[in-house]
Amino acid sequence: MSEPRPIRIFDTTLRDGEQSPGCSMNLAEKLEMAGALVDLGVDVIEAGFPIASPGDFEAVREIASNVRGATICGLARCADADIDRAWEALKHSPAPRIHVFLATSAIHREFKLKMTRDEIIARAVAGVGRAASYCDDIEFSPEDAARTELDFLCEVVEKVIAAGATTVNIPDTVGYATPEQMFRVIDTLRNRVPNIDRAVISVHCHDDLGMAVANSLAAVRAGAGQIECTINGIGERAGNCSLEEVVMAMRVRRDHYGCTDRIVSERLVPTSRLLTSITGMQVQRNKAIVGRNAFAHEAGIHQDGMLKERSTYEIMRPEDVGFAKTDLVLGKHSGRAALADRAKQLGYRLTGEQLQIVFEEFKRLADKKKSVYDGDIRALIDAQIRGSVPAIWTLVSFRVVAETNQPPQVRLTLRRGDHEVTEEAQDGDGPIDAAFLATERATGMTLPCREFQVRAATLGHDAQGEVSVVVEHQGRLVRGHGVSTDTVEATIMAILDSVNRIAEEDVAAKES
Ligand code: KIV
Ligand code: ZN
């Protein structure tokens, strides 16, 4: 058998993924995610679109300056200002890549850009040339390539490679392609573009028809050497090709694809969970590879088969993708070492200081709840350590009264600095509505709720409730997360988390 062909994994969770509604991350979260992507073994991290906003610029600059172990990429349109800004953000990375893009399809040329084919080629070549004056690693994407005339696509690809592109990425921007078409496009480029061996062919598929993974794999079969994807498949609209799915498909079916990659598959579930805890965007239970039910066998016949021989119904082992082997139970007599070990098994890397915070919370929880399961530990760590923002507002105390046929009452005392404020609401349509109203009165912010989710961290009615809220603030969606064995308390904490995110931005805006 011939040697497996290496495929580069280009992760765009922090750019295309972060662009999707409800997935925005602050700087600390992006840095944490970038570190996790390095641990996962991705080859390229697309850290953002530097010209898009000062926040994007800062995130790319910080990641480029601090994250080692992967190529750091920044996106730019084919415009001098974009490319210069991208380089400004990337220049401190030892392995920078500038990714320039320009739409090539007839629809985009005619209606969006109002440019002729010749003008498109000239602009693309100029953009690549300018980027190549800054660094050697240049990627070019003909946006909407999957709907671009093949002859024209071949011409564009040839010209940008001649101008210095070292990777040519073929995006299916609107998720319109089929696997057979994707195969044909890549195969045609390989056969018709004379200088194609001077660049790596990449593929970037969106999931509007649910075919992003299949389309990416078809491109690999045709000879693509890089796949662009995101953790949990997040991204514009229906999302991007899911990293965990495409990687495990290539791994489990190496006999078919004949490819290899650098991904540490045991980090897939921890990385997926990190993203979920940062963004609050849950993956569906039956999601392939990382969903809660991905390895759950319910049918009696399946369970029987599994007990006799795992391979009857299992094509990969849960531990291969990072699911912990057992749901070990801890309790109030468990010590710090047991907690540290369990956290490690669950994929967390805690510093001594973080472990101390989590241990104190764990002891508090174990006093309330006899058995502490993996789900509880995850919820604790996520709430204490992950995605946390400075606690500008804190909860001092609350009182809730909910009674049949009576208006709910919520009274809250919050603290900001040395100042305490107590407010009450008796006019909501339930205790959650009243909690929002009381928080609005105490903080002076309007917090229209756009999403509200409660889930149990584990089984059993003593489970901790995990609450996620999304509120609207100045046209933007801001999320918040809270965990407690008391769901009303978890709700108030989630609302306060979103309040603190808004307050943090207001403080930063005043300082700048
Ligand atoms: O979907 C797309 O076309 C993109 C490009 C910028 C690569 O995200
Ligand atoms: Zn995209």
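The values are calculated or read from the model by the stated rules, or taken from the named source; none is laboratory data. Values in this document were obtained by computation on a predicted structure and should not be read as measured data. Here the Cβ is made from the backbone with ideal geometry for all residues, glycine too, and neighbour counts use every protein chain on show. Protein only, heavy atoms only, side chains kept; ligands, DNA and RNA dropped before computing areas. Shrake-Rupley method; radii C 1.70, N 1.55, O 1.52, S 1.80 Å.
For this structure, a couple of remarks:
- Segment His302-Asp80, length gained on full extension (0.36 nm per residue, minus Cα span): 74.0 nm
- Against the chain, whose longest principal axis is taken from its Cα atoms, helix 487-511 shows a tilt of about 60°.
- Region 451-512: C-alpha gyration tensor shape, a/c 1.5 cut-off, then a/b vs b/c: prolate
- Dipole magnitude for region 92-159: computed about the Cα centre from +1 point charges on Lys and Arg Cβ and -1 point charges on Asp and Glu Cβ, it is near 260 debye.
- The GluC sites (Glu not before Pro) of region 345-420 that DSSP puts in a loop, and whose beta carbon has at most 14 other beta carbons within 10 Å, are Glu403.
- For the set His204, His481, His302, solvent exposure ranked by accessible area (probe 1.4 Å, protein chains only) runs largest to smallest as His302, His481, His204.
- Rounded to the nearest 10 degrees, the angle from helix 352-368 to the longest Cα principal axis of the chain is 50 degrees.
- Accessible surface, per residue, of region 6-257 when the full set of protein chains is kept, probe 1.4 Å, Å²: 35 Å²
- Pairwise centroid distance, computed over Cα atoms, of region 351-411 with region 492-512, Å: 19 Å
- Dipole magnitude for region 57-172: computed about the Cα centre from +1 point charges on Lys and Arg Cβ and -1 point charges on Asp and Glu Cβ, it is near 220 debye.
- Cβ-based net charge around Thr148, under 12 Å, with every Lys or Arg adding one and every Asp or Glu removing one: -3
- Alpha-carbon radius of gyration plus Dmax, which is the widest Cα pair, for region 144-287 in Å: 15.7, 47
- Relative contact order (%) - the chain, alpha-carbon pairs under 8 angstrom, separation at least six: 10 percent
- Cα centroid of region 108-187 to Cα centroid of region 189-236, whole Å: 13 Å
- Calculated diffusion of region 393-511, Stokes-Einstein form, Kirkwood radius summed over Cα pairs, 10 °C and 1.306 mPa s, µm²/s: 109 µm²/s
- Pairwise label distance in nanometres, Arg399 with Glu3, each label 7 Å out on the Cα-Cβ vector: 7.4 nm
- Between helix 117-132 and the chain: long-axis angle, C-alpha atoms, 0 to 90°, nearest 10: 70 degrees
- Each Lys or Arg adds one and each Asp or Glu subtracts one; over the other residues with Cβ under 9 Å from the Cβ of Cys229, this totals -4.
- Listed by chain and number, the aspartates and glutamates whose C-alpha is less than 17 Å from the C-alpha of Lys308, apart from same-chain residues fewer than 8 away, are Glu298.
- Alpha-carbon radius of gyration plus Dmax, which is the widest Cα pair, for region 6-257 in Å: 16.6, 47
- Region 336-386 - Rg over Rh from alpha carbon coordinates, Kirkwood radius: 0.91
- On a per residue basis, region 347-390 carries 47 Å² of accessible surface, using protein heavy atoms and a 1.4 Å probe.
- Size estimate for the chain follows the Kirkwood approach: the inverse of mean 1/r over distinct Cα pairs works out to 24.7 Å.
- Toward the positive end of the charge dipole of region 325-446, with +1 on the Cβ of Lys and Arg and -1 on the Cβ of Asp and Glu, the farthest Cα among Ile357, Leu437, Pro390 is that of Ile357.
- Here r is the Cβ-Cβ distance between Asn293 and Asp151 and R0 is 56 Å; the resulting FRET efficiency, rounded to 0.05, is 0.75.
- For Asp39, solvent-accessible area (1.4 Å; no DNA, RNA or ligand), Å²: 60 Å²
- Check: region 336-386 dipole with +1 on Lys, Arg Cβ and -1 on Asp, Glu Cβ, in debye: 100 debye
- Evaluating kT/(6 pi eta Rh) at 37 °C and 0.692 mPa s, with the Kirkwood radius of region 68-181 over Cα pairs in the Stokes-Einstein relation, gives 230 µm² s⁻¹.
- Carbon/sulfur fraction of accessible area - region 160-310, other protein chains in place, 1.4 Å, %: 50 percent
- Cα pair distances of region 277-395 binned at 5 Å [whole percent]: 2, 9, 17, 18, 17, 14, 11, 7, 3, 1, 1, 0
- For a modelled paramagnetic label at Ser65, 7 Å from Cα along Cα-to-Cβ, the residues of region 17-50 in reach, with backbone nitrogen under 18 Å, are 26-35, 47-50.
- Other residues with beta-carbon under 10 Å from the beta-carbon of Ala366 carry, at +1 per Lys or Arg and -1 per Asp or Glu, a net charge of +3.
- Cβ-derived FRET efficiency at R0 25 Å, Glu504 paired with Val421, nearest 0.05: 0.85
- Rounded accessible area of Ser20 (nearest 10 Å², 1.4 Å probe): 10 Å²
- Proximal lysines to Lys114, defined as alpha-carbon separation beneath 29 angstrom and excluding residues fewer than eight positions away on the same chain: Lys159
- Selection of GluC sites (Glu not before Pro), region 51-122, meeting DSSP coil and at most 16 other Cβ within 10 Å: none
- FRET efficiency for the Thr260 to Gln474 pair, using the beta carbon distance and R₀ = 41 Å, is estimated at 0.30.
- The mean of 1/r over all distinct Cα pairs in region 211-367, once inverted, gives the Kirkwood hydrodynamic radius of 17.9 Å.
- Of Lys30/Lys510; Lys30/Lys112; Lys325/Lys369; Lys344/Lys370; Lys30/Lys325, those spanning more than 25 Å from alpha-carbon to alpha-carbon: Lys30/Lys112; Lys30/Lys325
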